[in-house]
Amino acid sequence: MSKSDAGRGEDVTRTGGPVNASDPELPQAPGPLPAPDLDEAKPSPWRDRRFQIFATGNVVNNIGEAVYTVALPLFVYERTGSLAIMSLLAVLTPATLLLAPVLGAVVDRYGARVLVVPGLLVQAAAAIALNLTGLAEHAPVWPLFVFGALVQIGGAGYRMGWMTGVAHMFPENPVRSRASLGSLYTVTNVVGPLLVSAALLVVGYKGLLWFNVLTFLAPIVVWLIGVHPPRVSPAKEQHGLVKGLLDGVQVMRRAPVLLHAILVFVPMLLVGTTGTMTLSLFRLQHDWDLSPRAVGLVLVGVRIAGVLGTILVSERKTFPFRAITLVGTVGMGAALLLMASGSVHVFVAAMVVMFGFQAALSVASDLMVFKFVPADALGRVGGIVDLVLGLPILAGPLVVPALAQLLGSSAVFLSFGVVQLAGLLWLWRTWRQWAPSPHTSSREEAVPA
């Protein structure tokens with residue numbers, strides 16, 4: 001997720017009815033931007049040549065990141081033979097979610113550009129240093145951790161700055177632009193492992209990691225072409241970090257739909273982590289003795305389902321979040337219950353469906369932030385949401401193995417299905433609050449005065 005995650009923020013007044021600019025409690029955007037109704041269908045962002053350039057740069061950048069994410073842990077395992085070291089390196093990527101609230105507060109105060117170039121330079125320099133010091137024969141392991149952490153930290157800053165400026169670059173269609181970038185990110189997560197498999201025998205792990213360094217040139221070229229966040233003046237009222245984050249919490253309180261969504265999505269993130277994927281692969285090999293080739297085909301099916309789930313949500317003209325959340329939660333929960341089956345065919349089919357629904361819900365959780373949060377609070381609120389929803393992602397790989405050892409694989413999937421479906425209780429309780437009133441604009445309903 002470091003430099004890749006095609007976008008967790010959009011620096012624009014959320015789509016919806018007009019925000020009262022005189023309201024002293026409501027944060028104001030840096031500049032006047034259009035605020036169409038939430039239910040108004042928007043044209044595809046792909047008609048905009050500037051968006052095509054921006055998306056192309058992100059695709060190249062994201063492919064490099066996907067290659068890096070796969071190649072580095074495999075290289076470390078080949079070098080050390082230690083699963084523990086390999087796992088610790090993999091944790092560096094989601095661990096950057098802990099920085100999200102701080103980076104979001106910086107973006108809201110100084111604008112998106114302040115993090116883009118510094119973050120990109122730190123990331124590129126750290127990747128070069130990692131390759132020069134950590135890939136040499138008989139090199140120690142510590143450079144991989146030190147510079148690997150800097151790669152992820154620089155990527156977190158670059159991503160926050162680069163993507164919170166999306167709506168200022170494409171103010172006529174901010175949410176669909178973000179959605180399309182999200183679907184491209186999912187596609188690159190599929191392409192990355194395929195590239196590793198295809199190129200590994202030709203260039204080796206070292207060649208793949210140097211290829212990742214070259215992909216840093218893509219956002220630089222896009223910037224030089226002129227597609228980048230515009231310059232904005234720093235916020236007039238300067239507050240400390242804690243005060244800024246507390247203000248972000250107040251903004252979230254004025255967006256009850258977003259709070260309801262977080263409570264529904266937390267179970268999904270807990271039961272759909274890499275820990276669940278690891279347990280699924282373990283069961284395929286341990287319980288049914290599937291060959292590596294067969295397991296690889298199952299993973300291809302899972303990745304295709306993830307792409308389809310993402311596209312079905314992100315490429316819509318409108319975003320009925322209540323219906324998307326209901327269908328996704330039921331589908332994912334039912335699939336998890338079926339994964340407790342003793343039939344390998346039922347298990348594989350349910351596994352593919354489950355991760356497809358999870359991808360759809362993940363995109364929906366991102367887009368809800370962009371729909372219901374004012375522009376100048378987007379960095380802070382997005383950072384807080386990243387942190388809250390990221391904690392289950394970090395906990396999952398630690399909890400799942402312990403539960404599997406205690407309860408057994410089938411019981412874990414059964415309990416995860418129940419946990420996932422439990423989110424329906426809160427959705428049912430708040431059902432009417434998810435839909436705008438026919439007598440008021442969506443924005444007025446979502447963020448009451």
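The values are calculated or read from the model by the stated rules, or taken from the named source; none is laboratory data. Please read these numbers as outputs of a predicted model, since none were measured by experiment. Backbone-built Cβ (ideal geometry, glycine too); neighbour counts: all protein chains shown. Note: areas computed on protein heavy atoms with side chains; ligands, DNA, RNA excluded. Shrake-Rupley method; radii C 1.70, N 1.55, O 1.52, S 1.80 Å.
Once the piece of chain linking LEU224 and ARG432 is laid out straight, how much longer is it, given 0.36 nm per residue of separation minus the C-alpha distance between them?
Gain in length upon complete extension: 70.2 nm.
What is the spin-label model distance, in nm, from LEU217 to LEU263 if the labels are put 7 Å beyond Cα along the C-beta direction?
Modelled inter-label distance: 5.2 nm.
Please list, in order along the range 198-203, the HN-Hα scalar couplings obtained from phi with the Karplus expression 6.51 cos²θ - 1.76 cosθ + 1.60 (θ = phi - 60°), rounded to whole Hz, x for Gly and Pro.
Result, ordered by residue: 6, 9, 4, 5, 8, 10 Hz.
In whole Å, what is the distance between the alpha-carbon centres of the range 392-417 and the range 350-391?
Centre-to-centre (Cα) distance: 23 Å.
Pull up all non-local amide H partners of PHE216: gap of 5 or more, or a different chain, and H-to-H distance under 5 Å with H placed in the peptide plane.
Amide H neighbours of PHE216: none.
Quantify how much of the Cα-Cα distance distribution of the range 118-271 extends past 18 Å, in percent.
I get 75 percent for the Cα pairs in the range 118-271 exceeding 18 Å.
Starting from the 7 Å offset along Cα-to-Cβ, what nm value, one decimal, do you get for the label separation of THR133 and VAL295?
3.4 nm
Can you list residues from other chains, or at least 5 along the same chain, whose modelled amide H is less than 5 Å from the amide H of GLY165?
The answer is ASP11.
Classify the range 236-326 as rounded, prolate or oblate from the Cα gyration tensor: take a ≥ b ≥ c as the square roots of its eigenvalues, call it rounded if a/c is under 1.5, otherwise prolate when a/b beats b/c and oblate if not.
Verdict is prolate for the range 236-326.
Roughly what % of Cα-Cα distances in the range 179-335 sit above 25 Å, to the whole percent?
58 percent
Rounded to whole Å and sorted largest first, what semi-axes of the equivalent ellipsoid does the C-alpha gyration tensor of the range 111-175 yield via the square root of 5 times each eigenvalue?
32, 9, 8
I'd like the Karplus ³J(HN,Hα) series for the range 96-113: coefficients 6.51, -1.76, 1.60, θ = phi - 60°, whole numbers in Hz, and an x wherever there's a Gly or Pro.
Residue by residue, the range 96-113 yields 5, 4, 5, 8, 4, x, 5, 5, x, 5, 5, 5, 5, 7, 10, x, 5, 5 Hz.
How large is the accessible surface of THR430 in square angstrom, using a 1.4 angstrom probe and rounding to the nearest 10?
For THR430, solvent-accessible area is about 10 Å².
Once you have the Cα-Cα distance between VAL146 and THR278, take 0.36 nm times their residue separation minus that, and quote the gain in nm to one decimal.
Additional length available on full extension: 44.9 nm.
Rounded if a/c is under 1.5, else prolate if a/b is larger than b/c, else oblate: which is the range 364-433, with a ≥ b ≥ c the root eigenvalues of its Cα gyration tensor?
Oblate shape, in that a/c is at least 1.5 and b/c is the bigger or equal ratio.
State the Kirkwood hydrodynamic radius of the range 43-115 in Å, one decimal place, computed from all pairs of distinct Cα atoms.
Computed over Cα pairs of the range 43-115, the Kirkwood hydrodynamic radius comes out at 15.4 Å.
Using the Karplus curve 6.51 cos²θ - 1.76 cosθ + 1.60 with θ = phi - 60°, work out ³J(HN,Hα) for each residue of the range 346-355 in order, rounded to whole Hz, and write x for Gly and Pro.
So the Karplus estimates, Gly and Pro as x, are 5, 4, 5, 4, 5, 4, 5, 5, 4, 6 Hz.
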